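Working notes, structure below.
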Amino acid sequence: IFVLETVCVAWFSLEFLLRFIQTQSKCMFLRTPLNVIDVVAILPYYITLIVDSLSVGGKSTGSGNNYLEKVGLVLRVLRALRIFYVMRLARHSLGLQTLGLTVRRCTREFGLLLLFLCVAMALFSPLVFLAESEMGAKQEFTSIPGSYWWAVISMTTVGYGDMVPRSIPGQVVALSSILSGILLMAFPVTSIFHTFSRSYVELKEEQNRALRQKPDSQDSTKSQNSEDSQETDSYHGITEAAASAAQRRKSMAAQRAAEIRASMKT
């Protein structure tokens, strides 16, 4: 696994370095989100190698070695950022590009959805806690903050079953939270879905337009080459006609000179 990881990181590092060398604006290149993800995903590997080599070379340093081991542990956790390599597929995947564009365009809808969930959670958590505690049922709801988990799971209709209201008032509150969650999530999700569809159509049209521009550019190059060849052929034809006309004039002049000399002799 280490060898495979080393090969992959070396390949990504080489590709990143070549793109960095070829770009004209270095600052703009480093501020691009996908390039920032590349840096964040690549650097922990090299830093971990440096820390491991220092910790191995400094075993007799005592507390310093322990510090390096702790730093190495933190960096190993940071190496989980390698999952960001998946984001590199966004350059080549129309679906991931559509998802990213939808998230950027629907920040207000996502904020509205989060606000709805927070308000409903703050409403139904105390109600179910009071209903269960007053009816003397089995105490699965030990506190109001502990009931937040149940409210979120109920409103999103996941229902793990780890916390279940036993009393009738608690079940009424649970039914109300489920229905409210369905209604509250339906409004922003509908807008997000329409934005996703519109973004997909736009990106698909841009992709098709780019594919159409490539043959057009090739056709224009071919037509330009054919026009150049035609101009060259016409130029050669004109020069050949001029040369033949000059040769005819020379022959006619020679004939006239011969006729004049013959008449003078007679």
With a point put 7 Å past each Cα toward its Cβ, work out how far Glu205 is from Thr23 in nm, to one decimal. 3.0 nm
Would you mind putting 28-38, 113-123 in packing order, based on average other-beta-carbon counts within 10 Å, highest first? 113-123, 28-38
Can you order the peptides 169-176, 157-164, 188-195 by their average number of other Cβ atoms within 10 Å per residue, highest first? 169-176, 188-195, 157-164
Rg(Cα) / (2.2 N^0.38 Å) computed for the stretch 124-173, rounded to two decimals: 0.98
Packing-based order for 13-23, 140-150, using average beta carbon neighbours within 10 Å, highest first: 140-150, 13-23
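Just so you know, all these numbers are worked out from the coordinates, no wet-lab data involved. Note that the structure is a prediction, hence the values are computed from the model and not measured. Note that we place each Cβ from the backbone using ideal geometry, even for glycine, and neighbour counts take in every protein chain shown.
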